[in-house]
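For reference, the structure discussed in these notes is given below.
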Amino acid sequence: MSSGWEGNASASPAVASGMSTAPTSPSPTASTASPVGIIGAGRIGSAVAQLAVDAGLDVVIANSRGPETLADLVAELGPKARAATATEAAQAGHVIVLTIPLKATTDVDPAPLAGKVVLDTGNYYPQRDGQVAALDDGSTTSSALTQQHLAGSAVVKAFNNIYSESLRSLARPTGDAERTALPVFGDDDAAKATAARFLDTLGYDVVDGGDLAESWRSEPGRPAYGWPYADGEDFTTAKPGPADAVREALARAQR
Ligand SMILES: NC(=O)c1ccc[n+]([C@@H]2O[C@H](COP(=O)([O-])OP(=O)(O)OC[C@H]3O[C@@H](n4cnc5c(N)ncnc54)[C@H](OP(=O)(O)O)[C@@H]3O)[C@@H](O)[C@H]2O)c1
């Protein structure tokens, strides 16, 4: 059994109370953590992979076309990263980052992800994903649909509200005055606590936004989507977004 950010099953008080993380447990010990599986090797997948490698974690990363197409990326990431099939990435460790277009989610085999924490970075873009009536009428959320497909996993929505380049550049060590917070949503408190430890390891605080039914609050077009981390009107310039700003933006969201 490994230790570190994967931790135990109990939810951290900071996450359970909706506060940003102020981890009370010892610092994560990357060397004893199992690899992070990343399904999707595009803008967010490669950014998370870079942060994980920088934090000392091993990464197993996959795309839809096969590991041989990821040679350049893994060369860039260095010896702590390896390319694999999506099934191998799903088997890699306890925490798996699922970072693919929503329309591809049903192509993902739920079996190797059963019993794991799946961090879903996805957003719904009808022009990319096709119209989904239950999302258009607000009766569910994209991450709730992902949870439905991955019924044996604990899905936590994370990393979905920040531009990939800002995600790369805003990571800061635990306790840094310029730490940025990212919202997490999930139906399983223990999984959210695991997600919070993982994000802490990568350089981010978290704000607990509630369960998956509330996760529309951080989706495109809402105040928490991009704006807490944007410098002025330009989405591509990054500034730290503290927990208070994220919490306020989530509260202000209207459906
Ligand atoms: N870009 C951002 O700044 C940003 C920010 C927040 C959230 N998001 C959301 O995060 C998700 C990923 O976004 P992105 O911008 O990183 O996407 P992207 O750059 O288009 O990359 C998508 C990745 O998913 C892989 N993929 C697609 N279907 C797959 C499957 N069935 N199995 C394994 N891998 C598969 C693709 O592999 P191939 O290339 O081999 O097909 C590619 O590596 C989306 O839902 C997006 O809306 C994006």
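Values quoted throughout were computed directly from the atomic coordinates according to the rules given, and no laboratory measurement underlies them. Values in this document were obtained by computation on a predicted structure and should not be read as measured data. Cβ sites come from the backbone with ideal geometry, for glycine too, and all protein chains shown count toward neighbours.
Rounded is the label for the chain, because a/c, from the alpha-carbon gyration tensor with a ≥ b ≥ c as root eigenvalues, stays below 1.5. Between Thr69 and Glu233, the modelled labels are 3.8 nm apart [label points 7 Å from Cα along Cα→Cβ].
Over the chain, dividing the summed -39,500 (n - 2.57) contributions of all DSSP H runs of at least 4 residues by the number of residues returns a 222 nm mean residue ellipticity of -7500 deg cm²/dmol.
Mind checking which lysines have their Cα closer than 19 Å to the Cα of Lys103? Skip sequence neighbours fewer than 8 apart in that chain. Counting by Cα, and skipping residues close in sequence, Lys103 has these lysines nearby: Lys157. For trypsin sites (Lys or Arg not before Pro), the sites in region 32-112 that DSSP calls loop and that have at most 14 other Cβ atoms within 10 Å are Arg65. Computed over region 112-255, the range of Cα coordinates on each principal axis works out to 39, 32, 25 Å, biggest value leading. Of the complete DSSP H runs in the chain, those spanning 15 angstrom or more by Cα along the long axis with a mean Kyte-Doolittle score not below -1.0 are 43-54, 189-202. Restriction of the trypsin sites (Lys or Arg not before Pro) in region 174-212 to DSSP coil positions whose beta-carbon has at most 10 other beta-carbons within 10 angstrom yields no sites.
For the chain, the dipole from Cβ point charges (+1 on Lys and Arg, -1 on Asp and Glu) about the Cα centre works out to 60 debye, to the nearest 20. Between Asp136 and Ala251, the contour length at 0.36 nm per residue exceeds the Cα-Cα span by 39.3 nm. The relative contact order of region 198-255 comes to 36 percent, based on Cα pairs under 8 Å that sit 6 or more residues apart. Between His149 and Glu165, the simple label model (points 7 Å from Cα in the Cβ direction) yields a spacing of 2.9 nm. Straight-line reach from Lys192: taking Cα to Cα under 17 Å and skipping same-chain neighbours fewer than 8 places apart, the aspartates and glutamates in range are Glu6, Asp120, Asp200, Asp205, Asp208, Asp211, Glu214.
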